[in-house]
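Asker: Please find one structure pasted underneath; my questions will follow.
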Amino acid sequence: MKTVFITGAAAGIGLAIAKRFATEGWFVGLYDINKEAIDQLLQTQEFSNACGGHCDVTSRDSVSRALQGFAERSGGRLDVLVNNAGVLASGLFADIDHAAHERIIQVNVQGLTNVAQIAFPWLKKTPGSTLVNMCSVSSVHGIPQLAVYSASKFYVNGLSQALSIEWAEHGIRVLAIKPPFVKTAMVENIPEQLMDKFTVDLVPEQIADVVMSALNGSGQSYIVSMKAKVWAALVKLLPGRLGRGLTKSLTGY
């Protein structure tokens, strides 16, 4: 039986991905900083073939315990690792509290790095394994009022590109999934200025569909939604000043 380990699985995109894998008959590992929510999910019929618990991705000890516990239940098999845990703070860069900036870096950058590195031995031992890093279309161009979050996703994209080359010799595929705004609690406080043209048109279940399709595909980077694909293509093709101008227009600047 194929197995999947998911961080940030208590709600939103992570939970939708977990449900999709469970529906497909996978053994699912649900891990999140919110252990109570995970415990409740594991009591449902939907996750009768699953395990899970607490995982603070910013703590290497916590990640190690979570992965070891999962491996004990999965027989050491790790077919897919979904690096989904992430946080966001929005607003003008100079106005956001430094603690919020630090939290983004701790979770989105260091946390994602911790999980990928600690999981490597299990991914390496499992033939045809895949690391799925949840990135964002904000990795296409820096987004004002999401400056540090956007920068953190540039890191995720760069790491994914590098590991897709490094880990190919071990038979590990590395994917970067890049959705725009999705209808989750994370986007509730996004400034209206950004929401005008960066509309929230997607739900978590659609991102779960993309993840499953990507696993059966051959690419490394998957931008979600046609509008985001067009924007990304234009930013890539246009000279720097014009690409910057397009992003300014889309973000209301």
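The values are calculated or read from the model by the stated rules, or taken from the named source; none is laboratory data. Being a predicted model, the structure only gives us computed values, none of them experimental. Here the Cβ is made from the backbone with ideal geometry for all residues, glycine too, and neighbour counts use every protein chain on show.
Residue-wise test of (1) closer than 19 Å to ASN83 by Cβ; (2) part of a loop (DSSP other than H, G, I, E, B); (3) modelled with pLDDT of 95 or more.
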{"residue": "ALA162", "(1), (2), (3)": "yes, no, yes"}
{"residue": "TRP167", "(1), (2), (3)": "yes, no, yes"}
{"residue": "LEU175", "(1), (2), (3)": "yes, no, yes"}
{"residue": "ASN189", "(1), (2), (3)": "no, yes, no"}
{"residue": "LEU194", "(1), (2), (3)": "no, no, no"}
{"residue": "PHE198", "(1), (2), (3)": "no, yes, no"}
{"residue": "SER213", "(1), (2), (3)": "yes, no, yes"}
{"residue": "GLY219", "(1), (2), (3)": "yes, yes, yes"}
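Asker: Of everything in segment 40-70, what is out of contact with any strand residue (DSSP E or B) (no Cβ under 9 Å at 6 or more places or on another chain), more than 20 Å from GLN106 (Cα to Cα) and not in a loop (DSSP other than H, G, I, E, B)? Give them in sequence order.
Answerer: GLN40, GLN45, GLU46, GLN68
Asker: Just name the residue that is nearest to VAL156 (Cα to Cα) out of those in segment 118-139 that are buried (at least 21 other Cβ atoms within 10 Å of the Cβ) and not polar (S, T, N, Q).
Answerer: CYS135
Asker: Among what's in segment 73-108 and is in contact with a strand residue (DSSP E or B) (Cβ under 9 Å, 6 or more places away or on another chain) and not hydrophobic (A, V, I, L, M, F, W, C), pick the residue that is farthest from VAL4 (Cα to Cα).
Answerer: As a first pass, look at segment 73-108 and keep what is in contact with a strand residue (DSSP E or B) (Cβ under 9 Å, 6 or more places away or on another chain): 73-75, 77-86.
Then drop every residue that is not not hydrophobic (A, V, I, L, M, F, W, C), which leaves 73-75, 77, 79, 83-84, 86.
Numbers: ARG73: 12, SER74: 9, GLY75: 12, ARG77: 9, ASP79: 6, ASN83: 11, ASN84: 12, GLY86: 18 Å.
It comes out as GLY86.
Asker: I'm told GLY91 meets every condition in (1) part of a loop (DSSP other than H, G, I, E, B); (2) at pLDDT 95 or above; (3) surrounded by fewer than 17 Cβ atoms within 10 Å (Cβ to Cβ) except one. Can you identify the failing condition by its number?
Answerer: It fails just one condition, (2).
Asker: Still on this structure, please answer the following. Sort out which residues of segment 12-32 are surrounded by fewer than 20 Cβ atoms within 10 Å (Cβ to Cβ) and among the β-branched types (Val, Ile, Thr), and write them in order of number.
Answerer: Of everything in segment 12-32, just one residue is surrounded by fewer than 20 Cβ atoms within 10 Å (Cβ to Cβ) and among the β-branched types (Val, Ile, Thr), namely THR23.
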